[in-house]
Every structure is written in C-alpha cells, then in structure tokens.
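The values are calculated or read from the model by the stated rules, or taken from the named source; none is laboratory data. From a predicted model like this one, the values you see are computed outputs, not experimental measurements. Methodologically, a virtual Cβ is constructed for each residue, glycine included, from the backbone with ideal geometry; neighbour enumeration extends over all protein chains shown.
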Amino acid sequence: MEEALRQSLKMEAVGQLTGGLAHDFNNLLAGISGSLQLMNMRVNQGRISEIGRYMEAAMTSVERAAALTHRLLAFSRRQTLDPKPTDVNGLIEGMRDMFSRTVGPGIKIETSLAPELWATLCDPNQLENALLNLVINARDAMPDGGHIMLETSNCVLADYRGPQVDNISGRVPNGEYMALFVIDTGSGMAPAVIERAFDPFFTTKPIGQGTGLGLSMIYGFVQQSGGHVLLRSAEGHGTTVAIYLPRYLGAEVSVESNKSIAHI
C-alpha cells in the first residue's frame with residue numbers, strides 16, 4: 001500500500017509538471033506561430049516594412065521559452081552556475097533601491113545585517129534573482145501594505161539547538177552557515193499551501209500573474225549550492241523564508257551585481 005501510494009504521488013507530480021510545461025510552452029508557441037503567420041501574410045501582400053515588429057514579437061516568445069527552460073534546469077538542480085565567494089550583506093545593500101522601486105511606497109523594507117557576516121560560495125546573480133523573487137512574493141502577500149525584513153546572520157547548526165528541518169529534503173546537516181531571512185507581515189499560507197509551495201507550476205496567484213516556478217527555482221539553486229531552504233508561515237501571521245548557505249573559508253569575496261534580473 002505504501003509503494004502504491006508513493007507511485008500515485010509520483011505520477012501526480014509528473015502529471016502536474018507536464019501539464020504546466022504543456023500549458024506554458026503552448027502559449028509561447030502560439031506567440032511564435034502567430035508572428036510567423038502575420039509575417040507570411042505581409043510578405044505575400046508586399047508590406048515588408050511591418051515585418052520587423054513581428055520578428056521582435058517572435059524573438060520575445062523564443063527568449064521566454066529559453067527562460068522557462070533555464071528555470072526548469074534550476075528546479076532540477078542541473079543549471080550551470082558561476083559560484084564565487086560572495087558578500088551577501090554587500091549584495092543586499094546594492095539592491096536596496098531596486099527593492100524599494102519593486103514594492104512601492106506602501107511597503108516598508110528594513111534590513112538587519114549581521115556585522116562580520118561570513119562569506120558564502122554561490123552564484124551571486126542567481127542569489128539576486130532569488131532575493132528579488134522572494135521580495136516580490138512578499139509584496140503580493142501584502143496588497144494593503146506592510147513590512148519586509150531582510151536579515152542575515154552567522155549560524156552554527158549543532159545538535160544542541162535541535163533539528164532544523166528543510167521543507168523537502170529533511171533535516172539540515174549540522175555545520176556553519178550564512179543564514180538569510182526574508183520576513184513579511186503578509187497574509188501567510190495555509191498548511192496545505194506550505195506543503196506544495198516548492199512544487200513546480202504550483203501557484204496561488206491568478207492566471208497570468210505567476211508561473212509557479214519562483215520558489216521551486218530558488219529551492220533548486222540553493223540545493224545545488226549545497227544549502228537548504230526553510231519555510232515557516234501561518235495564515236494571518238506572515239511568512240519567513242530562510243536560506244542557509246555553507247560558510248566559505250577562503251579570502252577573496254565578490255559583491256558583483258546582476259544587471260538583468262528576471263523574476264517568476
């Protein structure tokens with residue numbers, strides 16, 4: 001019975017994934033096909049001056065398809081990363097203006113950054129993408145305004161502190177971590193939503209406002225970087241997303257900034 005249940009859950013997950021893929025790629029193919037049909041019509045009519053904008057529309061759909069593939073690779077932990085020793089405090093400071101523009105005047109963003117924060121070895125561009133996605137999720141959970149806290153700390157997970165449990169992979173191994181917390185005062189999540197929060201293509205947002213790949217992509221990136229993601233939430237009491245990345249013991253640290261961040 002346990003094996004049958006496990007197989008049933010596996011097939012349900014595969015069905016959800018393939019259904020989401022089919023839906024998203026069908027929309028992208030419709031954009032490419034429509035643009036090509038219009039280009040063909042204009043060529044037959046001799047109106048080639050208008051072809052340029054249809055070519056741009058087709059290329060936009062192609063780029064979106066490539067971005068979707070990249071997110072799926074992130075979820076499956078098979079994307080190509082460019083890990084560098086990273087100063088996360090400096091990275092957050094460099095994104096302050098972007099966060100403020102993204103959330104608008106109704107939401108206050110505060111930071112509590114640990115002095116002498118340990119560096120971590122990760123892809124700084126992917127970490128920026130992850131942070132921006134978490135901030136956008138927090139904003140969407142607070143339509144009437146609220147607070148977002150970005151907090152960092154040096155964290156030693158040891159037996160005496162009790163088990164820290166990753167939402168998917170189980171217990172977080174003991175060790176030294178750079179911990180990053182994104183805390184909001186939003187609507188929070190029901191237990192059933194928390195259980196599926198990292199599932200690909202699962203989203204509570206209305207159609208057209210999210211693919212449901214954001215948290216799954218973040219989870220894949222963090223796992224691929226040797227870290228863990230913890231999610232704590234309760235309806236009406238906000239949400240905390242904790243990212244634990246292993247401490248880097250080398251010397252050189254990067255505070256590079258990604259100029260082409262995209263959210264999901």
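Things worth noting here:
- Residue check for Ala114: in contact with a Pro (Cβ under 7 Å, 6 or more places away or on another chain) and at pLDDT 90 or above: no
- Residues that are without any contact (Cβ under 8 Å) to a residue 12 or more places away in the chain and more than 18 Å from Met217 (Cβ to Cβ), drawn from the range 76-133: Asp97, Ser100, Arg101, Pro105, Pro115
- Output for the range 69-101, where each listed residue is modelled with pLDDT under 75 and either surrounded by fewer than 18 Cβ atoms within 10 Å (Cβ to Cβ) or touching a Gly at 6+ places or on another chain (Cβ under 7 Å) (or both): Thr69, His70, Leu73, Ala74, Phe75, Ser76, Arg77, Arg78, Thr80, Leu81
- Yes/no for Tyr244 being among the hydroxyl-bearing types (Ser, Thr, Tyr) and at pLDDT 90 or above: yes
- The set of residues in the range 76-98 being closer than 14 Å to Leu180 by Cβ and within 18 Å of the chain's Cα centre (by Cα) consists of Val88, Leu91, Ile92, Met95.
- Any hit, the range 42-60, residues being at pLDDT below 85, within 19 Å of the chain's Cα centre (by Cα) and surrounded by fewer than 20 Cβ atoms within 10 Å (Cβ to Cβ): no
- Considering residues of the range 135-153 that are closer than 19 Å to His228 by Cβ and modelled with pLDDT of 90 or more only, the residue surrounded by the fewest Cβ atoms within 10 Å (Cβ to Cβ): Ser153
- Residue that is surrounded by the fewest Cβ atoms within 10 Å (Cβ to Cβ), among those in the range 180-207 that are modelled with pLDDT under 75 and more than 15 Å from Ile136 (Cβ to Cβ): Ile207
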